[in-house]
Amino acid sequence: MVRLKKSLTALSALTLTVAALSACGGKNDANANSAASDSSSNSPSSSASSSPSAPSSSAEPVQFSFYFTGSQNVKDLWDTLIPMFEKQNDKVKVKEVYIPSGAGAEPTYDRILAAKKAGKGSGDIDLYEDGINVVSQGTKDDVWAPLDTSGIPNLANIDPKTMADVSNMAVPYRSSAVVLAYDSSKVSAPPKTLSELLDWIKQNPGKFAYNDPSTGGSGSSFVTTVLYDGLPEDDIHDSDPAVMAKWDAGFSKLKDLNKFVYGKGIYPKKNQGTLDLLANGEVEIIPAWSDMVLQQLGEKLLPDTVKMQQITPGFNGGPTYLMVNKLSDKQDAVNQFLDFVLSPEAQEVIVTKMNGFPGIELSNMSQAMQDKFKGVSEGFRTFNIGDLGTEINKRWQSDVAAQ
């Protein structure tokens, strides 16, 4: 369903922990890459140069096809990383196949599945980037190759819980988080917990907005966080329909908020809809993707009084994943590329260009990057509830929006 600028003042305003999650561009930090190189040279297990065994030497490099979609900033990211990789690994070439955002990525997965069913191997799609829903669907359809540190040593740099969420079938190479974005010129003491936030909304009618959850992840995160508040932690990793019976109290809270949110029950479309309301001063607090806030602060689309803060329990975020086609005959070359992507060197580039969070644990990053994320990255929360997300949207439409 799945999104650092030059000035990191916004990050320092985050006083609690941030969930991780996909998706907007940023600016590069001149010192970050050199610091990353120093860090990686001191840690053989996390170095870009300590990649898995290269494909056997031959006259021609091994070329594999990498399909990905997203906004222009995603293409810019890979246009930077792939030449870096190829410069270090002259026996592997990466063929980029970019599908612009909005062009529809579904046919790519359909091609992978159709090739498998027709006995045509990988269908010339060796590596694919997408969100958790496609990871889950591909796992059911048995199209992804299982991954481990014998083929990709730098997988050891990722939080094991994050890998367990996808049964080791995908690489969570970057993340973004949903946080509270607020106008600090109007809100001097933003809520720190979900309970405080719900109270604030009622005490400040019309000053809070969240988007229709079916149209953007920030609204979906707010709704899901309310629904799962007080439920066992394991439920956020459970796609069993039986969990739906536990949502009643949460939907009752959301229904009750109707008269207190923006426009007494107006829910903007898409993540940008609520950011526009915040930018225009029509509301004072919204849930928003951290990377979108950072990018728009950098581009002066949001006033510099906008700050961010995470609440407890943290809003869910989510990684963007890379999956290896199980039927690819180029898996050694693909694994070599993935090992590079998970190196501190590459992760520094990903963080600065995408305004998000690294896919690897911060302890593997340069000290400079660790300092920038101090107090931000702990409490990493991801939700993996499969098709239940669709059921939430359906019930929200009938129980909340239609009231």
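The values are calculated or read from the model by the stated rules, or taken from the named source; none is laboratory data. Note that the structure is predicted; figures quoted are calculated from it, not measured. All Cβ positions, glycine included, derive from the backbone under ideal geometry; neighbour counts span all protein chains shown. Keep in mind that these areas ignore ligands, DNA and RNA; they rest on the heavy atoms of the full protein, side chains included. Shrake-Rupley method; radii C 1.70, N 1.55, O 1.52, S 1.80 Å.
Summary table
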read-out	value
Protein accessible area in the stretch 240-318, 1.4 Å probe - carbon and sulfur %	54 percent
Cα-based reach from Lys264 at 17 Å (exclusive), listing lysines while leaving out same-chain residues under 8 positions away	Lys202, Lys207, Lys253, Lys255
Listed residues Ala279, Pro319, Tyr267: farthest to the positive end of the dipole of the stretch 259-372 (Cβ charges)	Tyr267
Calculated from backbone phi, Karplus (6.51, -1.76, 1.60) coupling profile of the stretch 119-127 in Hz, x at Gly/Pro	x, 10, x, 7, x, 6, 10, 8, 9
Highest average packing first - 120-127, 238-245, Cβ atoms within 10 Å	120-127, 238-245
Distance violations [Cα-Cα > 19 Å] among Lys75/Lys140; Lys116/Lys140; Lys120/Lys326	Lys75/Lys140
The stretch 152-308 shape via C-alpha gyration tensor axes, a/c threshold 1.5	oblate
Set of aspartates and glutamates with alpha-carbon distance to Lys192 below 14 Å, sequence-local pairs under 8 removed	none
Cα centroid separation, the stretch 168-205 to the stretch 103-147 (Å)	34 Å
